[in-house]
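In what follows, a structure is listed as structure tokens, so that the remarks can point back to it.
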Amino acid sequence: MSDEELKKLEKEVKKTKRLAGEAAMELHDLIEDRLPDAYGELMAVAQNTYDACKAWDEANKKFLAASEATA
């Protein structure tokens, strides 16, 4: 794998990590500030957070595997 491809994977990891962090903050804000009134939003926000974290995990695993393969 070329350095350019590896940097692209690393960029994707950083992007997905940022998105996961943003989703986690949204979930935290819902829990801290709006429950129990906004309980109807809980499942959608939690699912979004899960999906964002899973996307980060998959991107990170791909990057780590590529890093090890080129080392």
So which residues in the range 45-71 are open to solvent by 70 Å² or more (accessible area, probe 1.4 Å) and part of a helix (DSSP H, G or I)? Gln47, Asn48, Tyr50, Asp51, Lys54, Trp56, Glu58, Lys61, Lys62, Leu64, Glu68, Ala69
Name the pairs: first residue in the range 39-53 and under 8 Å from Ala23 (Cα atoms), second residue in a helix (DSSP H, G or I) and open to solvent by 60 Å² or more (accessible area, probe 1.4 Å), Cβ to Cβ under 8 Å, at least 6 apart or on different chains? Val45/Glu26; Asn48/Glu26; Thr49/Glu26; Ala52/Leu19; Ala52/Glu22
In the range 32-44, which residues are surrounded by 11 or more Cβ atoms within 10 Å (Cβ to Cβ) and either in contact with a strand residue (DSSP E or B) (Cβ under 6 Å, 6 or more places away or on another chain) or part of a helix (DSSP H, G or I) (or both)? Arg34, Glu41, Leu42
Considering residues that are charged (D, E, K, R), more than 20 Å from Met1 (Cβ to Cβ) and over 16 Å from the mean Cα position of the chain (by Cα), the number found within the range 20-71 is 6
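The values are calculated or read from the model by the stated rules, or taken from the named source; none is laboratory data. Fair warning: this is a prediction, and the values are worked out from it, not measured in the lab. Heads up, the Cβs are rebuilt from the backbone with ideal geometry, glycines too, and the neighbour counts pull from every protein chain shown. Note: accessible area is taken over every heavy atom of the protein model, side chains too, but ligands, DNA and RNA are not part of it. Shrake-Rupley method; radii C 1.70, N 1.55, O 1.52, S 1.80 Å.
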